Amino acid sequence: MASIHLRSFPVSYSVPATVGSYGRTKTFTKGRYATEASWYKTQKIHNEYPIVKCKQKQNLKHHYRGIEGRSSCQERCRSFVVNAAPGESFESESQISSPKIFWNSTKDSLNTFYNFSRPYATMTTVINITSACLLAVENLSDISPTFFIGLLKAIAVVLPMHMFNVALNHLTDYNIDKINKPYLPMASGEYSFGTVAIIVASSWILSYALGWIVGSPPLIWIISSHFIFGTVYSTNLPLLRWKRSSVLTAINYVVDRAIILHLGLFLHMQTSVFKRPTTYPRSLVFTIAFMSVLAIVIAFSKDIPDIEGDEKFGIRTLAVRLGQKQVLWICVSLLELAYGAAILFVAATSSCLWSKLITGLGHALLASVLWYRAKSLDVTNKAEAQSFYTFIWKLLCAECFMVPLVR
């Protein structure tokens, strides 16, 4: 019966239109207004058939929801237009954020390269170069623009070759560093193999190019020594890869970093900068002797925190063979003997009072600090062992400040 009545009812299209509120609506039929009689007839059908009424309510409910959604959407659009119109455009926001993004990216890149360069070794190299150049200073009048220009030339030529050795070591020690030093940029994946290879090649080219421009033969000797001994130390080829042996590593460090580096830098300043005849002062002899002991200590102590990776890859260092604690005390004993020799044979025999005081008290202080640090060290703790190795480099920096004062 419901279907019969619905068919007899004239078809109409009802479109609710809001006029200030949802309560007022107008009903439009096909070309004319609905008559009052048809309205009563509709009400009668709705009363008799509540199912139809329920469905119409649901339809009206959907109409109201659609109207509410449409009006809220319109309000959001209006608010967006109002907020966007007087404010900055997307283009201006991107222009403001672009420099910030660029700066953050640049800062992250520099920080990654800083960690890649082994900062403790790089800073010590710069200090060491400065200290060796100061050995050629005979009086205060030598501290002149000529001296600083010669020093800057030495740093500019030698430092890229130092970076060559660092990058080459990253390449050849990639698998070991993933165990011993996973925080390094190449081991952690921040730098790819190709990126590090580019650093190796560009550092080598830059060092030799600057050496040729400067034209100082002693500087060419230094970078050639760094290149040869660095390649012999790191490259995994027959008769090379000297880092497998602590003794060969010590010989490498003594010849390259203690003898040739200091002798070459002294001669660079003495002959190429100051234009003086070649001499070998007492301070130079002492520096080479003491730095040789420090080079041996660095060669032995560097393997103490890396014992896990070295054992896995079959690198038989002194720490692997004798144990970490034994190697630690070998290093401490060698340094303590060197400090004692510095006090007895340098400070005691110096004719300059201020040189006696500074070098004597300075070496005594460093010997005390080293002994105190070694007694409280747990070599089985990798972090503490690495911290002690970094401490040895700090002792090297301290010695660089004192050796120019030996007179």
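The values are calculated or read from the model by the stated rules, or taken from the named source; none is laboratory data. All values derive from a computational prediction rather than experimental measurement. As a convention, Cβ positions derive from the backbone with ideal geometry for all residues, glycine included, and neighbour counts pool all protein chains shown.
Observations, loosely collected:
- Qualifying residues in the stretch 138-165 (those that are among the β-branched types (Val, Ile, Thr) and surrounded by fewer than 21 Cβ atoms within 10 Å (Cβ to Cβ)) - the one nearest to the chain's Cα centre (by Cα): Ile155
- Selection of first residues in the stretch 341-355 that are within 22 Å of Val293 (Cα to Cα) and not assigned by TED's automatic domain parsing to the domain that holds Ala289 and of second residues that are of a type in the set (D, E, K, R) and in a helix (DSSP H, G or I), restricted to Cβ pairs under 9 Å at least 6 apart or on distinct chains, gives an empty result.
- Matching entry among Glu336, Glu308 (being surrounded by fewer than 18 Cβ atoms within 10 Å (Cβ to Cβ), at negative phi and free of Cβ contacts under 8 Å to residues at least 40 places away in the same chain): Glu336
- Among the residues of the stretch 357-381, just one is without any contact (Cβ under 8 Å) to a residue 24 or more places away in the chain, closer than 12 Å to Ala347 by Cβ and either in contact with a helix residue (DSSP H, G or I) (Cβ under 6 Å, 6 or more places away or on another chain) or among the hydroxyl-bearing types (Ser, Thr, Tyr) (or both), namely Gly360.
- In the stretch 169-213, residue surrounded by the fewest Cβ atoms within 10 Å (Cβ to Cβ) [restricted to those that are β-branched (Val, Ile, Thr) and in contact (Cβ under 8 Å) with a residue 24 or more places away in the chain]: Ile179
- Criterion applied to Ser224, Ser246 was being under 30 Å from the mean Cα position of the chain (by Cα), within 22 Å of Leu151 (Cα to Cα) and among the polar types (S, T, N, Q), and the one residue passing it is Ser224.
- Of all the listed residues (Glu384, Glu399), the sole one being without any contact (Cβ under 8 Å) to a residue 12 or more places away in the chain and under 29 Å from the mean Cα position of the chain (by Cα) is Glu384.
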